[in-house]
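Here the structure comes first, spelled out in structure tokens, and everything after it is commentary.
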Amino acid sequence: MSEDRTGTREEPGSQWYDNEAGPLVRPYAMTGGRTTSGPAGMRFDLIALVTLDTGAPDAGADTSLGPEHLEIVELCRTETQSVAELAAGADLPVGVVRVLLGDLLELGCVTVTRPVPPAKLPDERILREVIEGLRAL
């Protein structure tokens, strides 16, 4: 037996079990120890939108995807969601969701739309001039 931080005795192996949550799985176990997502370490912004592709497997289908992958697929099945929403919906750390999304992207199960960088957005002054020009017509 060992003692935990509070000084109470624990059975061997009990550090992997939470009385309220059940068995604990470390995040690196869900990703196979990987910390980068997709090809060349591609990172997904928190506001990047994830859409289910038509080739995505059903949750009950026999597949090599893990349960966390399938949960993300099911979350995307109803509507397009951001990476942050998927992390909250799956109750997983964002880093884990990014790695899992990289797997799903490589398999063609999802498509990811990245936000437009602010430098590529049109200048507000130009938009105001266009509006004023349209009003003048």
Expected single match for at pLDDT below 65, acidic (Asp, Glu) and out of contact with any Gly (no Cβ under 6 Å at 6 or more places or on another chain) among GLU68, GLU85, GLU20, GLU79 is GLU20
For the stretch 73-126, the count of residues that are over 13 Å from ARG43 (Cβ atoms), β-branched (Val, Ile, Thr) and touching a residue at least 40 places away in the same chain (Cβ under 8 Å) equals 4
If we ask which residues in the stretch 79-98 are surrounded by 14 or more Cβ atoms within 10 Å (Cβ to Cβ) and not in a helix (DSSP H, G or I), their number turns out to be 3
Checking ASP91, ASP53, ASP103 in turn, the sole residue that is on the phi > 0 side of the Ramachandran plot and under 17 Å from the mean Cα position of the chain (by Cα) turns out to be ASP91
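The values are calculated or read from the model by the stated rules, or taken from the named source; none is laboratory data. Predicted model, so just to flag it, every value in this text is computed and none were measured. With ideal geometry, Cβ positions are generated from the backbone for all residues, glycine too; neighbour counts draw on all protein chains shown.
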